1. So if I place +1 on the C-beta of Lys and Arg and -1 on the C-beta of Asp and Glu, and nothing else carries charge, what would the dipole magnitude of the chain be about its Cα centre? I want it in debye, nearest 20.
2. Tell me the GluC sites (Glu not before Pro) within the range 1-57 that lie in a loop according to DSSP and have at most 13 other beta-carbon atoms within 10 Å.
3. Starting from the Cα of R58, move 7 Å in the Cα-to-Cβ direction to define the label point; list residues of the range 1-29 whose amide nitrogen is under 15 Å from there.
4. Using a 10 angstrom Cβ neighbour count of at most 15 plus a DSSP loop assignment to flag exposed trypsin sites (Lys or Arg not before Pro), which longest range of the chain is free of such sites?
5. What full-extension length gain, to one decimal in nm, is calculated for F70 and N21 as 0.36 nm per residue of separation minus the Cα-Cα distance?
6. Does anyone have the angle between helix 52-70 and the longest principal axis of the chain? Alpha-carbon axes, 0 to 90°, nearest 10?
7. At 37 °C and 0.692 mPa s, grab the translational diffusion coefficient of the chain from Stokes-Einstein with a Kirkwood Rh over Cα pairs, rounded to a whole number in µm² per second.
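Coordinate-derived values only; no laboratory data. Note that the coordinates shown come from a computational prediction; the quantities given were computed from them, not determined experimentally. A quick note on method: Cβ atoms are made from the backbone with ideal geometry, for glycine too, and the neighbour counts reach across all protein chains shown.
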Amino acid sequence: MDYWVIDRLEGRFAVCEHGDNMENLPRDLLPERIREGDCLTREADGTFRVDDEETERRREQNFRQMKKIFGE
């Protein structure tokens, strides 16, 4: 699956990691409830949606890595 991961929100844009690139997506093309770290997919009609399952999977993976690094 092709994902855009929101790195940060800057004004009218969401700065997203897409593969090895960073892209600025206009926020008015994105769902209202976006936040940093969300994984987005593009639908057949060109709209974006938040993939809640992938977002949660990546957050849990990052949490486990942080625990491993910091020993908590």
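1. Details: 13 positive and 19 negative charges, 69 e Å.
Approximately 340 debye in magnitude.
2. Working: sites: E10, E17, E23, E32, E36, E43, E53, E54, E56; in loops: E32, E36, E43.
Counting only loop positions with at most 13 other Cβ atoms within 10 Å, the GluC sites (Glu not before Pro) in the range 1-57 are E32, E36, E43.
3. Only 1-9, 14-25 fall inside the zone, counting backbone N under 15 Å.
4. Values: sites that count: R12, R33, R35.
Result for the longest clean stretch: 36-72.
5. Details: separation 49, 0.36 × 49 = 17.64 nm, distance 2.90 nm.
Value of the extension gain: 14.7 nm.
6. Relative to the chain, helix 52-70 is tipped by roughly 30 degrees.
7. Working: Rh = 12.9 Å.
Translational diffusion coefficient: 254 µm²/s.
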